[in-house]
1. Got a sec? Which of 41, 105 is buried (at least 18 other Cβ atoms within 10 Å of the Cβ) and in contact (Cβ under 8 Å) with a residue 12 or more places away in the chain?
2. Hey, could you check segment 56-71 for residues that are more than 13 Å from residue 13 (Cβ to Cβ) and out of contact with any helix residue (DSSP H, G or I) (no Cβ under 7 Å at 6 or more places or on another chain) and say which is surrounded by the most Cβ atoms within 10 Å (Cβ to Cβ)?
3. If I ask for residues that are over 11 Å from the mean Cα position of the chain (by Cα) and within 14 Å of residue 99 (Cβ to Cβ), which ones from segment 31-46 would you list?
4. Assess whether residue 18 counts as being in contact (Cβ under 8 Å) with a residue 60 or more places away in the chain and surrounded by 14 or more Cβ atoms within 10 Å (Cβ to Cβ).
5. Can residue 64 be described as farther than 29 Å from residue 112 by Cα and at pLDDT 95 or above?
6. Say whether the condition of being assigned to a helix (DSSP H, G or I), in contact with a helix residue (DSSP H, G or I) (Cβ under 8 Å, 6 or more places away or on another chain) and farther than 14 Å from residue 98 by Cβ is met by at least one residue in segment 47-55.
7. Within segment 73-102, how many residues turn out to be surrounded by 17 or more Cβ atoms within 10 Å (Cβ to Cβ) and part of a helix (DSSP H, G or I)?
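The values are calculated or read from the model by the stated rules, or taken from the named source; none is laboratory data. All values derive from a computational prediction rather than experimental measurement. We place every Cβ from the backbone using ideal geometry, glycine too, and count neighbours over all the protein chains shown.
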């Protein structure tokens, strides 16, 4: 699964929890993601990355990547990621950086 072809990428879904009171700010910030953050995500192997939110603050993420753990680790090495996570942390219910609170979901069905 490491050829990088879209059809061979792994689909990953995860959840996080933003504060319901800050959800509009969370959405606003994602409407204008820093170009250097977008470049870092692409370099780290994040493809077809999407976020969805529920009014209570539940955030569902979806990404296609060859290796999710490697993609996460690659982002940890990006200085822009540290700045982004620090900016986003107050919008979440957790004490740690938001990208460390992702709870990966098990894929049980995919209609190809």
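1. The match here is 41.
2. Residue satisfying both the conditions and the ranking: 71.
3. Answer for segment 31-46, where residues must be over 11 Å from the mean Cα position of the chain (by Cα) and within 14 Å of residue 99 (Cβ to Cβ): 33, 37, 40, 44.
4. yes
5. Taking the combined requirement at face value, the residue does not satisfy it.
6. Checked segment 47-55: no residue is assigned to a helix (DSSP H, G or I), in contact with a helix residue (DSSP H, G or I) (Cβ under 8 Å, 6 or more places away or on another chain) and farther than 14 Å from residue 98 by Cβ.
7. Total satisfying the criteria: 9.
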